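The values are calculated or read from the model by the stated rules, or taken from the named source; none is laboratory data. This is a predicted model, so every value here is computed, not measured. Note: ideal-geometry Cβ built from the backbone for every residue, glycine included; neighbour counts use all protein chains shown. In case anyone asks, the SASA skips ligands and DNA or RNA and just uses the protein heavy atoms, side chains included. Shrake-Rupley method; radii C 1.70, N 1.55, O 1.52, S 1.80 Å.
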Amino acid sequence: MKSPLLSLPGAVPAEGVDEGVAAHYGELFREQRALADGTGFVDLSHRGVVTVTGSDRLSWLHLLLTQHVSELPPGQATEALILSANGHIEHALYLVDDGETVWAHVEPGTQDALMAYLESMKFFYRVEVADRTDEFAVVHLPAGSIAPVPEGVAVRETAHGRDLFLPRTDLEAYAADNGPAAGLLAYEALRVEAHRPRLGFETDHRTIPHELGWIGTAVHLQKGCYRGQETVARVQNLGKPPRRLVFLHLDGSEVHLPVAGTPLQLAADGADGRKLGFVTTAVRHHELGPIALALVKRNVPVDAELVAGDVAAAQEVVVEP
């Protein structure tokens, strides 16, 4: 779904899964600084939007999600995962209940599979599930923003900012009144700085929540059964995850960033060394320079100097080994 905001001056389209919105509007670092200062907005209208209505919506979702949502107060934002039977992450939902409807936004293109799963689990519960992606666009306002929220618009407010579920027909008018727009690369740079994982970027087919630090934020450890809970409980009580998320400071003298999937080795061993992990997201930050998130094997020493391809990488702990 192509955003109408790609017609704004300087807009350069994003690629891959984020196709359809702007990567930037010609001034990447200015856009980052604006977001960090609490001004502007980010067009996330390519993300999927799913709603759940009905009197059983919260108790029903509580059975399916990793998060405790059965008594979720109206207006309180949360995030949750859906796991496979083996505890691997399949979906990430960023949701809020407005008192009548649960609104959730999800990764672009994942809403069809999510809808199919939710529909298959309705049984006799009084719930209705709908894909509202064609009707609503997600707009992100950074933390500290004083931009107005239109009346009647569902809002997820977190420490990182506010996500608006804006009618698509209002997107251009809202952008005109509340600019300047910041592109997705600016948003991603602040996400990496905050060590926040993203489904499909920091995850693969075998990722479990413990590896990414999603325990506590997206996984509640004191709630009833859900699919994959056995793996979560076993790792929490008896062991450690096989991998851990790290934050990397990359060598700023290099002109290129390592792409997602670039292997990580010990710097002393060079490119011929044993693979210890891989880069998941690499960005250029307006203050920190080139930085990245990566997954490494749990037993990699926390003070080990690494190399991503030919780029030196110093790690900071995100998930404890």
*Return the residue satisfying two criteria in turn: it lies in the range 101-134 and is within 17 Å of Leu65 (Cβ to Cβ) and of a type in the set (Gly, Ala, Ser), and of such residues it is least open to solvent (accessible area, probe 1.4 Å).*
Ala104
_Neighbours by Cβ (under 7 Å, 6+ apart or cross-chain): first from the range 69-86, on the phi < 0 side of the Ramachandran plot; second of a type in the set (Asp, Glu)_ = Leu72/Asp97; Pro74/Asp97; Pro74/Asp98; Ala77/Glu157; Ile82/Glu90; Leu83/Glu90; Ser84/Glu90
*asked:* Return the residues of the range 205-224 that are over 17 Å from Arg298 (Cα atoms) and touching a residue at least 24 places away in the same chain (Cβ under 8 Å); say none if nothing qualifies.
replied: His205, Thr217, Ala218, Val219, His220, Gln222, Lys223, Gly224
*Are there any strands (runs of 3 or more DSSP E) wholly within the range 255-321 with 3 or more residues that are out of contact with any strand residue (DSSP E or B) (no Cβ under 9 Å at 6 or more places or on another chain) and under 30 Å from Gly183 (Cβ atoms), and if so which?*
none
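Being open to solvent by 50 Å² or more (accessible area, probe 1.4 Å) and over 17 Å from the mean Cα position of the chain (by Cα) is the filter here; which residues of the range 16-52 pass it?
Gly26, Glu27, Phe29, Arg30, Arg33, Ala36, Asp37, Thr39
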*Scan (1) on the phi > 0 side of the Ramachandran plot; (2) surrounded by fewer than 18 Cβ atoms within 10 Å (Cβ to Cβ); (3) not acidic (Asp, Glu) for the single condition Gly161 breaks and write down its number.*
(2)
_Pairs needed: first member in the range 301-321, on the phi > 0 side of the Ramachandran plot; second member anywhere, surrounded by fewer than 21 Cβ atoms within 10 Å (Cβ to Cβ); C-beta distance under 8 Å; at least 6 residues apart or different chains._
Gly309/Thr262; Gly309/Pro263; Gly309/Ala271
*asked:* Among the residues of the range 57-76, are any small (Gly, Ala, Ser) and in contact with a strand residue (DSSP E or B) (Cβ under 6 Å, 6 or more places away or on another chain)?
replied: no
_Looking at the range 297-316, can you tell me whether even one residue there is crowded, with 16+ Cβ neighbours inside 10 Å, closer than 24 Å to Tyr94 by Cβ and not polar (S, T, N, Q)?_
no
*Pairs where the first residue, in the range 225-242, is under 20 Å from Val69 (Cβ atoms) and the second is modelled with pLDDT of 95 or more and of a type in the set (Phe, Trp, Tyr), C-beta under 7 Å, 6+ apart*: none
*Residue check, Leu245 part of a strand (DSSP E or B), touching a Gly at 6+ places or on another chain (Cβ under 9 Å) and either aliphatic (A, V, I, L, M) or open to solvent by less than 20 Å² (accessible area, probe 1.4 Å) (or both)*: yes
*Can Arg196 be described as charged (D, E, K, R) and either under 26 Å from Asn299 (Cβ atoms) or open to solvent by 20 Å² or more (accessible area, probe 1.4 Å) (or both)?*
yes
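Conditions tested, residue by residue: (1) of a type in the set (A, V, I, L, M); (2) touching a Ser or Thr at 6+ places or on another chain (Cβ under 6 Å).
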site: Ser59; (1), (2): no, yes
site: Leu65; (1), (2): yes, no
site: Pro74; (1), (2): no, no
site: Ala80; (1), (2): yes, yes
site: Ala85; (1), (2): yes, no
site: Asp97; (1), (2): no, no
site: Glu100; (1), (2): no, no
_Any hit, the range 81-102, residues being closer than 29 Å to Ala260 by Cα, in contact with a helix residue (DSSP H, G or I) (Cβ under 6 Å, 6 or more places away or on another chain) and small (Gly, Ala, Ser)_ = yes
*asked:* Among the residues of the range 128-171, what is the count of those that are acidic (Asp, Glu) and part of a helix (DSSP H, G or I)?
replied: 1
*Confirm whether Asp98 is in contact with a Pro (Cβ under 8 Å, 6 or more places away or on another chain), open to solvent by 30 Å² or more (accessible area, probe 1.4 Å) and at pLDDT 95 or above.*
yes
_Can you confirm whether Thr203 is of a type in the set (Ser, Thr, Tyr), part of a strand (DSSP E or B), surrounded by 16 or more Cβ atoms within 10 Å (Cβ to Cβ) and touching a Pro at 6+ places or on another chain (Cβ under 9 Å)?_
no
*What tally of residues in the range 14-65 results from selecting those that are of a type in the set (A, V, I, L, M, F, W, C) and within 23 Å of Pro167 (Cα to Cα)?*
12
